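Heads up, the thing below is written out as C-alpha cells.
The values are calculated or read from the model by the stated rules, or taken from the named source; none is laboratory data. Just so you know, these numbers come straight off a predicted model, no measurement behind them. Cβ: placed from backbone, ideal geometry, glycine included. Neighbour counts: every protein chain shown. All accessible areas refer to the heavy atoms of the entire protein, side chains included, with ligands and DNA or RNA removed. Shrake-Rupley method; radii C 1.70, N 1.55, O 1.52, S 1.80 Å.
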Amino acid sequence: MGVQAATGQPDPPTFDRQLSEAVEAFTDRFGRPPRFAAAAPGRVNLIGEHTDYNDGYVLPMAIDRWTVILADRSSQRQSTLWAIDLDELIAVDLTAPLSPVAGSFANYLLGVVDQFAARGHSVPNLDLAVTSTVPMGAGLGSSAAIEVAMATVLEQVTGVQIDRLEKALLCRRAEHTFPGAPCGIMDMFIATQAQRGHALLIDCRSNVARAIPMPPADQITVLIADTNVRHALASSAYAARRSTCRQAAAKLGLDSLREADLGMLATAQLSEHQRRCARHVICESQRVLLAAAALKTNDLDALGELMFDSHASLRDLYEVSCPELDTLVDAAAELRAQGGVIGARMTGGGFGGCAVVLCRTSAIEKVSHRLQRQFARRFGRPPTIFSSPPAGPAHPLRI
Ligand code: GLA
C-alpha cells in the first residue's frame with residue numbers, strides 16, 4: 001500500500017470494498033442480492049517460467065488480488081453473464097450445449113460450465129456478475145482466477161464438491177477449449193491450493209506441491225511492476241513455444257522435456273531454436289529446485305542470483321522478454337549492489353506484463369522510485385508498482 005501511495009497511484013480497493021461494491025452492483029442490476037459467491041486469487045510466479053507445460057517445476061505464490069463472482073438462479077430460460085469492470089453483458093442458455101463466443105470475456109465462464117456438464121453436473125441458468133482486481137493479461141493468472149472462481153461458485157450452485165486438483169485440471173481444460181489458450185497447470189493449481197504466507201513448489205508432472213514459507217513481511221516484500229505492455233502476439237507466441245518444446249521432446253524420443261538433460265541436447269538433431277528453448281526449460285526447472293532450497297534456508301543471495309539467471313535465460317534463450325521488462329530487471333540489478341533488491345525477473349508468459357522484484361522491506365520506497373524513474377526515462381511513462389503478501393486460495397464467500 002505504501003508503495004502505491006508513494007508513487008501517486010490509487011490504492012487497490014480492499015477485498016471488503018471490492019465485495020460490497022460488487023454485491024451492490026449485482027443487487028441494482030438483478031433486483032435482489034446474490035445467493036452464491038466465490039473469490040479466487042491471481043498469482044505471481046517467483047521462478048520457473050515456461051516449465052509447467054513441459055512437466056517441470058514452478059514456484060508461484062497467490063497474490064492479494066481477487067476475482068469475485070456473484071450469482072443466483074435465474075427465473076428466465078437464459079442466463080445473464082455480466083462483466084462489471086468491462087460493462088459487458090451476454091445472454092446465453094447455460095442448459096443448452098455451449099460453444100465459444102468469439103472475443104467475449106464469457107468464454108472463461110462458459111468453458112467451466114461446459115466442463116461441469118461434461119462431468120454430468122447440470123448447471124441451471126444464472127444471473128451472474130464477475131469483477132476482478134487481478135490486472136488482465138499482465139502475466140498474473142487473471143484467466144485462471146476467473147475460471148477457478150467460477151468453478152467454486154458452481155460447486156455451490158450444483159452442490160457438487162470437487163477435489164482441488166480435479167478442479168484445477170477442470171479449469172485448465174476449460175481454458176484450452178473455450179478461450180483456446182494452451183496453458184499449463186500452474187495458474188489454476190496455485191489459485192486452488194495456495195497457502196497464505198507461502199509459495200508452492202509444484203511438480204507439474206506428478207501435480208504434487210510442497211508449501212515453502214516466505215520470509216516475514218517486515219524483512220522481505222514482493223513487488224510487482226506492471227509494464228502495462230500487452231502484446232497481441234503473446235498468445236500465438238506462447239502456443240509456438242509450446243509446440244517447439246513438444247517437437248524437441250519428440251526428436252529426443254521423450255514424452256516431455258522433463259526427462260531431458262543437457263547431455264542429450266549436445267548430440268540430438270535439433271534446430272538452433274529448439275536447442276535454445278530446450279536448454280532454457282532444462283536449466284529453468286533445475287533453478288526452481290535450487291530456488292526452493294535457497295528460500296527454505298533463507299539463502300537470499302542464492303535466490304536472487306537464480307532469479308536474475310532465469311530472466312537472462314527467458315530473454316536470450318527462450319526469447320519471451322521485451323525491452324520494458326528488461327529495463328525493470330536491469331534497474332533492479334543495479335540496486336542489488338546497494339543491498340535493497342534480492343532478485344528480479346519477468347513473470348508469467350512474457351511479451352509484456354509484469355516483473356517480480358523481491359526486495360528488502362526497508363528499501364521498498366527507494367526501489368520502487370528507482371524502477372519508476374529508470375522506466376519513465378526510457379518509455380516516457382511509469383510502470384504500475386504494487387506489493388503483495390503471499391495470499392490464500394480460492395474460497396466460497398458468505399454474503
Ligand atoms: C502463462 C500460462 C502458464 C505458464 C506461464 C509461463 O501464465 O498460463 O501455464 O505456462 O505462462 O510460465
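Miscellaneous remarks
- Residue check, ASP255 over 25 Å from THR133 (Cα atoms), open to solvent by 20 Å² or more (accessible area, probe 1.4 Å) and out of contact with any Lys or Arg (no Cβ under 8 Å at 6 or more places or on another chain): yes
- Which listed residue is at pLDDT 95 or above, open to solvent by less than 50 Å² (accessible area, probe 1.4 Å) and either assigned by TED's automatic domain parsing to the domain that holds ILE282 or within 22 Å of MET188 (Cβ to Cβ) (or both), from VAL101, VAL92, VAL23, VAL68: VAL68
- Residue pairs whose Cβ atoms lie under 6 Å apart, separated by 6 or more positions or on different chains, with the first residue in segment 342-356 and away from the ligand (no atom under 11 Å from the Cβ) and the second of a type in the set (Phe, Trp, Tyr), are GLY343/PHE308.
- Within segment 223-242, restricting attention to residues that are crowded, with 22+ Cβ neighbours inside 10 Å and among the aliphatic types (A, V, I, L, M), the residue that is nearest to VAL44 (Cα to Cα) is ILE224.
- Among (1) open to solvent by 10 Å² or more (accessible area, probe 1.4 Å); (2) assigned to a helix (DSSP H, G or I); (3) touching a residue at least 60 places away in the same chain (Cβ under 8 Å), the one test that ILE190 misses: (1)
- Residue ranges of strands (runs of 3 or more DSSP E) in segment 292-399 with at least 2 members open to solvent by less than 10 Å² (accessible area, probe 1.4 Å) and more than 15 Å from ASN228 (Cβ to Cβ): 341-347, 352-360
- Within segment 199-208, being in contact (Cβ under 8 Å) with a residue 12 or more places away in the chain and open to solvent by 50 Å² or more (accessible area, probe 1.4 Å) holds for one residue alone: ARG205.
- In summary, ALA211 fulfils each of the numbered conditions (1) buried (at least 18 other Cβ atoms within 10 Å of the Cβ); (2) in a strand (DSSP E or B) with the single exception of condition (1).
- Filtered residues of segment 124-137 (kept if open to solvent by less than 10 Å² (accessible area, probe 1.4 Å) and in contact with a Ser or Thr (Cβ under 7 Å, 6 or more places away or on another chain)): LEU126, LEU128, VAL134
- Members of segment 167-181 found to be open to solvent by less than 40 Å² (accessible area, probe 1.4 Å) and either in a loop (DSSP other than H, G, I, E, B) or within 10 Å of the ligand (Cβ to nearest atom) (or both), listed by number: GLU175, PHE178, ALA181
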